[in-house]
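Visitor: Below is a structure I'd like to ask you about.
The values are calculated or read from the model by the stated rules, or taken from the named source; none is laboratory data. What you are looking at is a predicted structure, and each value in this text was computed from that prediction instead of being measured. Note that we place each Cβ from the backbone using ideal geometry, even for glycine, and neighbour counts take in every protein chain shown.
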Amino acid sequence: MSQWILPTPDCLVITVNNGIFVALINLTHRLSAFVVASRVAVMPEPEKIDEYWMARALTLAARAASLGEVPVGAVVVRDGEELGTGFNAPITGSDPTAHAEICALRDAAARAGNYRLTGATLYVTLEPCTMCVGAIVHSRISRLVYGACEPKSGAVESARRTLDETHLNWQVEVVGGILQDDCSQIISNFFSRRRAEIRQRRQKGSGKE
Ligand SMILES: [Zn+2]
């Protein structure tokens with residue numbers, strides 16, 4: 001039995017009861033198709049592993065958008081297995097710390113039964129902020145992979161370079177720019193839609209239509 005979810009006009013997520021899901025992300029007027037099968041033996045080529053898990057993070061970002069949250073998604077992976085997932089949810093959770101990365105780290109630590117996640121990779125669709133970089137260091141994540149840069153508050157390479165600060169006692173390998181066009185487009189589409197909705201409400205309010 002299959003389940004079809006349409007969280008946003010940009011992303012169609014199809015889940016199948018054996019753990020396979022297919023995400024069709026129609027962004028920038030083209031169709032990108034990713035097949036993610038986290039619990040079956042179908043794995044991508046080694047050089048495509050980062051894209052594979054970033055595609056999974058994008059499906060989580062789409063879930064955030066469907067709840068009216070800024071679409072950011074994150075996945076923690078260790079030894080080729082999904083250990084934790086999260087998406088941005090500060091409004092729905094009334095929680096200022098509920099960024100996608102923090103939610104994924106909490107989920108992974110709970111499942112691992114250990115607040116240290118040494119050897120794990122965190123995939124996130126947007127460059128982490130200062131709070132999330134701090135949490136990455138506290139959780140001993142070994143590798144950080146992100147999609148789009150965040151010019152205003154990104155704390156890895158944009159607004160500041162927190163991981164380069166010498167007082168930190170943990171080194172994280174960093175890779176940026178994985179599926180960056182898709183990761184950036186899902187956010188700009190979200191804000192375009194939101195601006196259009198606000199305009200529409202104002203027009204209705206003023207009786208112009
Ligand atoms: Zn953050």
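Visitor: Across the stretch 76-103, what is the total count of residues that are more than 12 Å from the ligand (Cβ to nearest atom), in contact with a Leu (Cβ under 9 Å, 6 or more places away or on another chain) and either among the hydroxyl-bearing types (Ser, Thr, Tyr) or within 17 Å of TYR115 (Cβ to Cβ) (or both)?
Guide: So the count comes out to 6.
Yes/no per residue for (1) under 25 Å from GLY80 (Cα atoms); (2) within 14 Å of the ligand (Cβ to nearest atom); (3) in contact with a strand residue (DSSP E or B) (Cβ under 9 Å, 6 or more places away or on another chain):
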| position | (1), (2), (3) |
| --- | --- |
| ALA120 | yes, no, yes |
| CYS132 | yes, yes, yes |
| PRO151 | no, no, no |
| ALA159 | no, yes, no |
| GLN171 | yes, no, no |
| ILE178 | yes, no, yes |
| ARG195 | no, no, no |
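Visitor: Has the stretch 110-118 got at least one residue that is within 16 Å of the ligand (Cβ to nearest atom) and surrounded by 17 or more Cβ atoms within 10 Å (Cβ to Cβ)?
Guide: Narrowing the stretch 110-118 to residues within 16 Å of the ligand (Cβ to nearest atom): none.
There is no residue in the stretch 110-118 that is within 16 Å of the ligand (Cβ to nearest atom) and surrounded by 17 or more Cβ atoms within 10 Å (Cβ to Cβ).
Visitor: Test each condition in (1) under 20 Å from TYR146 (Cβ atoms); (2) at pLDDT below 85; (3) not in a strand (DSSP E or B) for ALA104 and report the one that comes out false.
Guide: (2)
Visitor: Looking only at the stretch 118-133, which residues are outside any helix (DSSP H, G or I), of a type in the set (A, V, I, L, M, F, W, C) and over 21 Å from ALA55 (Cβ atoms)?
Guide: Keep residues of the stretch 118-133 that are outside any helix (DSSP H, G or I), which gives 118-129.
Adding the requirement that they be of a type in the set (A, V, I, L, M, F, W, C) leaves 120, 122, 124, 126, 129.
Residue satisfying the conditions is CYS129 alone.
Here's the yes/no breakdown for (1) under 26 Å from TYR115 (Cα atoms); (2) touching a Leu at 6+ places or on another chain (Cβ under 8 Å); (3) in contact (Cβ under 8 Å) with a residue 24 or more places away in the chain; (4) in a loop (DSSP other than H, G, I, E, B):
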position	(1), (2), (3), (4)
ALA135	yes, yes, yes, no
TYR146	yes, yes, yes, no
PRO151	no, no, no, yes
VAL156	yes, yes, yes, yes
CYS183	no, yes, yes, no
ILE186	no, yes, yes, no
SER192	no, no, no, no
ARG195	no, no, no, no
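Visitor: What is the number of the single condition among (1) free of Cβ contacts under 8 Å to residues at least 40 places away in the same chain; (2) surrounded by fewer than 21 Cβ atoms within 10 Å (Cβ to Cβ); (3) over 18 Å from TRP53 (Cα atoms) that GLU173 does not meet?
Guide: The single condition GLU173 does not satisfy is (3).
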